[in-house]
1. For the chain, what is the mean residue ellipticity at 222 nm derived from helices alone (per DSSP H run of n ≥ 4: -39500 (n - 2.57); sum divided by total residues; nearest 500 deg cm²/dmol)?
2. How much of the accessible area of the chain, in percent, comes from carbon and sulfur atoms when a 1.4 Å probe is used?
3. Taking only Cα atoms and a 10 Å spring cutoff, compute GNM fluctuations for the chain and point out the largest among GLY101, GLY110, GLY124.
4. Rolling a 1.4 angstrom probe over the protein heavy atoms, how many square angstrom per residue are accessible across the stretch 3-64?
5. Averaged per residue, what accessible surface does the stretch 67-126 expose to a 1.4 Å probe, in Å²?
6. Add +1 for every Lys or Arg and -1 for every Asp or Glu among the other residues with Cβ under 12 Å from the Cβ of ASN129, and state the total.
7. Normalising by the residue count of the chain, find the relative contact order in percent from Cα pairs under 8 Å and 6+ residues apart.
8. Using amide H atoms built 1.01 Å from N in the peptide plane, name the residues 5+ places from THR170, or on other chains, whose amide H lies under 5 Å from its own.
Amino acid sequence: MSTISTSNFRKGIKILIDGKPYLMETCEFRKPGKGQAIYKTRLRNLLDNTLIDRTYKSGDSVEEADVREGRGSFLFKDKNSFVFMDSNTYEQHSLTPEAIGEGNKFLVEGTECGMLYWNDQLIGVMMPNHMVLEVTYTEQAARGNTATNVQKPATVETGATVTVPAFINTGDKIRVDMRTGEYLERMKG
């Protein structure tokens, strides 16, 4: 395995800590008045999605994780897992809802996504930032309620609930931010 020196630290690199792959989400360089420079990092465990903070001294090195990225699509939801297919090999892989994260509530069959492999095993997916979903149920807005920012719950085609403005009706298509689960806009047509 190759190693990565602190001078090559940057957001997005993948390293091994205690035999587990981590993604570097932030890296801050600090040079105090005296002594060695330090690198403050925030790392996300790619297996269980937890965050840790680590500090490294200038000149330290860490082992690079053998994590590769591929393309695939979401096929279907099983009892307690989500099944994805690799676009290159056509192999099917299962992931738990926890491995996918909050975005699993908005997955529609056929959704294209990035796939993360570690030791040739699927460990995570990188979903699109936004999805267009159809509203399957929402209450009618109260007549005459013209106050700004009136919000109401709406159920989308995947069964998830999204808070939407009062003017959204059943049958409308809306864009949802997959990272936060928030309504972004109503789609035309």
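The values are calculated or read from the model by the stated rules, or taken from the named source; none is laboratory data. All figures in this text were calculated on a predicted structure; none of them were measured in a lab. Every residue, glycine among them, receives a Cβ derived from its backbone with ideal geometry; neighbour counts consider all protein chains shown. When the accessible area is computed, the model is the full protein with side chains, heavy atoms only, and any ligands, DNA or RNA have been set aside. Shrake-Rupley method; radii C 1.70, N 1.55, O 1.52, S 1.80 Å.
1. -500 deg cm²/dmol
2. Ligands and nucleic acids excluded, carbon and sulfur give 45 percent.
3. GLY110
4. That works out to 62 Å² per residue.
5. On the way: 3300 Å² over 60 residues.
Here the residues of the stretch 67-126 average 55 Å² of exposed surface.
6. Residues near ASN129 contribute 0 overall.
7. Reported relative contact order: 14 percent.
8. HN-HN under 5 Å from THR170: THR138.
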